[in-house]
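Data block below; observations after.
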Amino acid sequence: NDFDERCAQEPVNDFRFTPTSTQAGDGALFDCFDVSGNQLVGTAEESGSFTATYRAALGTGDWEWMGRLGVRYQSRKPMDVMNLVWLPADTQWDGSVTFTNDNWNVVLFGNNLTDENTPRQLTDDPVNQFDAAFAGNRPNYRYALRIPREIGVRLNYQF
C-alpha cells in the first residue's frame, strides 16, 4: 500500500513545500515533491472482518432462530500524500438475532454496538475547496461522521 515512485503536486501547490523536481505532464511542466515510499491515501495497512452465525430450531413449532455477530477492523490510514494527516484505527461490532416462521420475520439488531466514533473519511471539500478567508488559500477538508450506535427491531409479515 505504498507509493513505489511518485512525485506529487499537492505538497508544492497546497502546502508550499519546496519542489524536489520538475516533471512533464499533459503537455506542461509542473513542480512536485517526492513522496515515494509513503502510504497510499485513504488505505489502511491492515484490515479484516469476521462474522459468526448460528441457526437452530426454536422449540418444537415451526419457528427458527439465528444469531449473528460481526466485527470489522481497519488500522490507521493517511489522508494526504505526505502522510501528515491520519484517521485513527477503528473497530466496529454489529449483531442480530432473527426469529422466523412461514409468515413472520422478527429481527433484533445492533449496529456499531461499541459506539465507535472515529470519522469514516476525510476528503477535500469540493464546494469550498479554496476559501482564502478561512484557510489562507489552502484546501479545506470535510469528514464523514460514522453512524452512531443503532439498536432496533424489524418486523416483516408475508401473506
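For this structure, a couple of remarks:
- All-pairs Cα distance distribution in the chain, expressed in whole percent, bin size 10 Å: 9, 24, 24, 17, 13, 9, 4, 1
- Sulfur and carbon atoms: percent of accessible area, the chain [1.4 Å]: 51
- Accessible surface of Ser21, taken over heavy atoms with a 1.4 Å probe and every protein chain present, rounds to 40 Å².
- Binning all Cα-Cα separations of segment 3-68 at 10 Å, short to long from zero, yields these whole-percent fractions: 16, 26, 14, 9, 10, 12, 10, 3.
- Gain on full stretching of the segment that runs from Tyr73 to Asn1 - 0.36 nm per residue minus C-alpha separation: 24.3 nm
- Backbone HN-Hα couplings from phi across segment 40-49 [Karplus 6.51/-1.76/1.60, Hz, Gly and Pro as x]: 4, 5, x, 10, 8, 5, 10, 7, x, 8
- Sequence-separation-based contact order of segment 49-91, relative, with Cα cut under 8 Å and 6+ spacing, percent: 31
- Thr100 - accessible surface, heavy atoms, 1.4 Å probe, Å² rounded to 10: 40
The values are calculated or read from the model by the stated rules, or taken from the named source; none is laboratory data. Fair warning: this is a prediction, and the values are worked out from it, not measured in the lab. Remember, those area values only see protein heavy atoms, side chains included, never the ligands or the DNA or RNA. Shrake-Rupley method; radii C 1.70, N 1.55, O 1.52, S 1.80 Å.
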